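Q: Can you read through this structure? Questions will come right after.
The values are calculated or read from the model by the stated rules, or taken from the named source; none is laboratory data. Computed from a predicted structure; not experimentally measured. So basically every Cβ, Gly included, is an ideal-geometry build from the backbone, and we count neighbours across all protein chains shown. For the accessible areas, the whole protein counts, side chains as well, though only heavy atoms, and no ligand, DNA or RNA atoms are used. Shrake-Rupley method; radii C 1.70, N 1.55, O 1.52, S 1.80 Å.
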Amino acid sequence: GVNSLMRSAGTTIVVDKQKIFEDIPKGWLFSDAYKSITSPLHKSISIISDILKKIELINVDLADLKMIMSNNTFGYIGEGVSSANIGHRSKQALDLALASKLQNNHISDASNIIYNIAGGSDMTLSEIDDIGQRISQLSPGNTYVKFGVLVDENMENKIKVSLIATSNASQPSAEYRP
């Protein structure tokens, strides 16, 4: 099962089956439930591809991603977008990126973190710094952290935080809830 996969995969992102059933109302059609279950998996692939394909002011590349995904066991992936007022949207976007209902892992278990911040031309340096400071506070002190920043005209009045974290621990230390 999962243990065998973890021995042969670079990083494993495990979706907790019980959490899937908690979020699906009784009586849902299988086809609707299947779409609901696979949506986070599609989103995870989208997060990885977005980090790699966009030209950024501060860049994250394939070598960075490969480095954190290789030879690790547990992974966490999340994304959050906020259009709250400047000063609040960076915190809200990061909270959403950290709030995956389907994963038990969290950046507090991370050995490696890559995160990407995207926003419009109204994105401030203090918003970028706030996200970085908070990630530093939530992660262990010896965590390797790499980040990218993208200014995107389509993101005016918004901030998006995409985050990938991996750990070389044999299992997550504890369940985290923001």
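Q: Quick one: ARG134 ticks every box in (1) at pLDDT below 85; (2) among the charged types (D, E, K, R); (3) surrounded by fewer than 18 Cβ atoms within 10 Å (Cβ to Cβ) except a single one, so which number is it?
A: If we test ARG134 against (1) at pLDDT below 85; (2) among the charged types (D, E, K, R); (3) surrounded by fewer than 18 Cβ atoms within 10 Å (Cβ to Cβ), just (1) comes out false.
Q: Sticking with this one: Can you name the number of the only condition in (1) among the polar types (S, T, N, Q); (2) at pLDDT below 90; (3) under 14 Å from GLY78 (Cα atoms) that SER170 fails?
A: (3)
Q: Moving to a separate point now. Return yes or no: is GLU153 more than 22 Å from GLY87 (Cα to Cα), among the acidic types (Asp, Glu) and modelled with pLDDT under 90?
A: Details: more than 22 Å from GLY87 (Cα to Cα): no; among the acidic types (Asp, Glu): yes; modelled with pLDDT under 90: yes.
No.
Q: List every residue pair whose Cβ atoms lie under 7 Å apart, where the two residues are 6 or more positions apart in sequence or sit on different chains, the first residue falls within the range 23-36 and is surrounded by 12 or more Cβ atoms within 10 Å (Cβ to Cβ), and the second residue, located anywhere, is in a helix (DSSP H, G or I).
A: What qualifies is ILE24/ALA33; ILE24/SER36.
Q: Please pick out the residue among VAL81, VAL145 that is assigned to a strand (DSSP E or B), closer than 30 Å to THR38 by Cα, open to solvent by 30 Å² or more (accessible area, probe 1.4 Å) and without any contact (Cβ under 8 Å) to a residue 40 or more places away in the chain.
A: On the way: VAL81 fails: without any contact (Cβ under 8 Å) to a residue 40 or more places away in the chain.
Criteria check complete, one pass: VAL145.
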